[in-house]
Amino acid sequence: MESIKHLYKIGLGPSSSHTMGPRKAAQIFLSETPGAARRRVTLYGSLAATGKGHLTDKAILEELTGDAPTAIVWQPDIFLPFHPNGMKFEALDAEGNVFSSETYYSVGGGDIVREGEARTPAESIYDMSTIKDILAWCDKTGLSYWEYVGKCEGDSVWDYLREVWHTMKAAVERGIEEEGVLPGGLGVRRKAVSYYMHASGHNQSLKSRGLVYAYALAVSEENAAGGKIVTAPTCGSCGVMPAVLYHLHTSKNFSEQRILRALATAGLFGNVVKHNASVSGAEVGCQGEVGVACAMAAAAASQLFGGTPAQIEYSAEMGLEHHLGLTCDPVCGLVQIPCIERNAYAAARALDANLYAAFSDGRHSVSFDRIVSVMKQTGHDIPSLYKETSQGGLAVIN
């Protein structure tokens, strides 16, 4: 498996697969085609179907137009065989002849794969890629998941996770201060500040839950507005982890060091899913985004509350299991409805998963790895209408 630095990416919203990935592809193609008189970018499948709502064209044009005029061609009904998020970049000379052409796929979490290249990790630094094997290592050594991350990643990972944590905190704190309507035309008003204020008027239990909602809404709304966030594991699910960690950091006074360890544990579980299945909504539906984010946050919470490796695994398993089959059907292709509310609910469910596992000894029937396998198969069985095309489900009820 690759470094968790590739899972936790710091960047601008609203979509890791539809904004961050295409932006990265545009940067690469620009560097490889100097002197082009103009360029043409053809978007296929999910990228074309929901690209305007996800600001795909804006991200690409911001990278390319300053160098040469660029045309965007939309082909939502054509799905390239490798992945639903396909895009072809072409560079043309002054006579209009194509002298360079590359096809890229945005495979989720901001990662891209070039046509003809194997979909392999940028750098494989983990010698184990299943939670079963890593849990056995923990039991044998007496060490925990975050210590395995440190062993494989080296000391530099802690400085990176500190930057991730500070970015997450900043997104929460910006988001609970902002008001107004989110861009995109749906007229969705920011709700984080309202939830934050209302939470203070309730008893401790309801206040706690209201704050978790507020923090998740805050980050998700920042993402929808194109703000700076962290993929955890994607932009569309970026509110879950910060909500849980920020709430526990402020309400339980967990130290920054413990938060970083929780981020490492969560990243390990997210990495296992990314390696063995997918975190792309266009490939497996929202179960691979919000479902995986819930699993990661549940593992982080269990880590913070002193859960055993078995209890942490159980927490993460429940977080993912109870999102199986969740479709990706954004209204108008915007990362707003139902995405923002899903982040809030998933943050609360992550805390519930941690609590449920804490009452157990960690033994249960279905392993995390089994759920990952089922999620992958379920994602492949879900019709393409419900995988980030805005052609089915909630997207057509508006």
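The values are calculated or read from the model by the stated rules, or taken from the named source; none is laboratory data. Computed from a predicted structure; not experimentally measured. Backbone-built Cβ (ideal geometry, glycine too); neighbour counts: all protein chains shown. The accessibility values were calculated without ligands, DNA or RNA, using every heavy atom of the protein model including side chains. Shrake-Rupley method; radii C 1.70, N 1.55, O 1.52, S 1.80 Å.
Please give the FRET efficiency for Leu324 paired with Leu394, using the beta carbon to beta carbon distance and R0 = 22 Å, rounded to the nearest 0.05. Taking R0 as 22 Å, the efficiency between Leu324 and Leu394 is 0.80.
Quick check on the range 6-65: take the gyration tensor over C-alpha atoms, sort the square-rooted eigenvalues as a ≥ b ≥ c, and tell me if it's rounded (a/c under 1.5), prolate or oblate. It comes out oblate by the Cα gyration axes. Result for the chain in a Gaussian network model with C-alpha springs under 10 Å: among Ser237, Ser156, Ser46, the largest mean-square fluctuation is at Ser156. Taking the charge dipole of the chain about its Cα centre, with +1 at Lys and Arg Cβ atoms and -1 at Asp and Glu Cβ atoms, the residue from Asn203, Ser315, Ile229 reaching farthest to the positive side is Asn203.
Does the chain classify as rounded, prolate or oblate by the C-alpha gyration tensor (a ≥ b ≥ c root eigenvalues; a/c under 1.5 gives rounded; else a/b over b/c gives prolate, otherwise oblate)? Note, shape of the chain comes out prolate. Take the chain with all the other protein chains still there, run a 1.4 Å probe, and you get 39 Å² of accessible area per residue. Residue-wise HN-Hα couplings along the range 270-285, as the Karplus relation 6.51 cos²θ - 1.76 cosθ + 1.60 with θ = phi - 60° gives them from phi, are x, 5, 4, 5, 4, 6, 9, 9, 6, 10, 9, x, 6, 9, 10, x Hz; Gly and Pro carry x.
Rounded to the nearest 20 debye, the dipole size of the chain about its Cα centre is 840 debye, using +1 on the Cβ of Lys and Arg and -1 on the Cβ of Asp and Glu. Of the solvent-accessible surface of the chain, computed with a 1.4 Å probe and all protein chains present, 50% belongs to carbon and sulfur.
Computed over the chain, relative contact order equals 19 percent, with contacts defined as Cα pairs under 8 Å that lie 6+ residues apart.
For Glu32 and Lys151, the FRET efficiency from 1/(1 + (r/R0)^6), where r spans their Cβ atoms and R0 equals 25 Å, is about 0.10.
Using the structure shown, select from Lys88/Lys387; Lys207/Lys376; Lys151/Lys252; Lys88/Lys228 the pairs with a Cα to Cα distance greater than 25 angstrom.
Lys207/Lys376; Lys151/Lys252; Lys88/Lys228
Charges were assigned to the Cβ only: +1 to each Lys and Arg, -1 to each Asp and Glu. The resulting dipole of the range 291-381 about its Cα centre is roughly 60 debye. Ellipticity at 222 nm from helices only: DSSP H runs of n ≥ 4 in the chain, each -39500 (n - 2.57), divided by the residue count, give -15500 deg cm²/dmol. Between the alpha-carbon centers of the range 223-298 and the range 1-41, tell me the distance in whole angstrom. Comparing the Cα centres of the range 223-298 and the range 1-41, I get a distance of 21 Å.
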